[in-house]
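Just so you know, all these numbers are worked out from the coordinates, no wet-lab data involved. A quick note: this is a predicted structure, and the numbers were derived from the prediction, not measured. Positions of Cβ are generated from backbone atoms using ideal geometry, with glycine treated the same way; all protein chains shown enter the neighbour counts.
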Amino acid sequence: MRRKMFYVYILQSLKDKRTYVGYAADIKLRLCQHNAGKVRATKHRRPLELLFMEKCDTLAMAKHRELYWKSGGGRRKLAKYFQEGFPHAQLC
């Protein structure tokens, strides 16, 4: 039986350059929902582009990583990525 994977993702608004962190099982569908205005938190910040994503084995790990990226340490690492460049998708 195939296990369901989850993804933590970081989007950037091309309108105001702010970032948004979330998690989803289907990253392509979720990005489409964001850009279609179906997500209240990002509806007024469209268009959005995918900056970074991590693949997680469990929903619990995806939630944990989402909280990390929203924390001070995660935001500092994100700022470093803006300076040095973003890595390819990570596995958590």
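Of all residues in the range 4-38, count the ones that are charged (D, E, K, R) and surrounded by 13 or more Cβ atoms within 10 Å (Cβ to Cβ).
Number satisfying all stated conditions: 2.
Among residues belonging to the range 39-91 that are over 14 Å from LEU11 (Cβ atoms) and of a type in the set (Ser, Thr, Tyr), point out the one that is surrounded by the most Cβ atoms within 10 Å (Cβ to Cβ).
If we take residues in the range 39-91 being over 14 Å from LEU11 (Cβ atoms) and of a type in the set (Ser, Thr, Tyr), then TYR68 is surrounded by the most Cβ atoms within 10 Å (Cβ to Cβ).
Filter the range 9-63 for residues that are touching a Pro at 6+ places or on another chain (Cβ under 8 Å) and among the polar types (S, T, N, Q) and give the result.
Once the filter is applied, which keeps residues that are touching a Pro at 6+ places or on another chain (Cβ under 8 Å) and among the polar types (S, T, N, Q), the range 9-63 yields SER13, ASN35.
Here's the yes/no breakdown for (1) under 18 Å from MET5 (Cβ atoms); (2) without any contact (Cβ under 8 Å) to a residue 24 or more places away in the chain; (3) not small (Gly, Ala, Ser):
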site: ARG30; (1), (2), (3): yes, yes, yes
site: GLY37; (1), (2), (3): no, yes, no
site: THR42; (1), (2), (3): no, no, yes
site: MET61; (1), (2), (3): yes, no, yes
site: GLY72; (1), (2), (3): no, yes, no
site: LYS77; (1), (2), (3): no, yes, yes
site: LYS80; (1), (2), (3): no, yes, yes
site: GLN83; (1), (2), (3): no, yes, yes
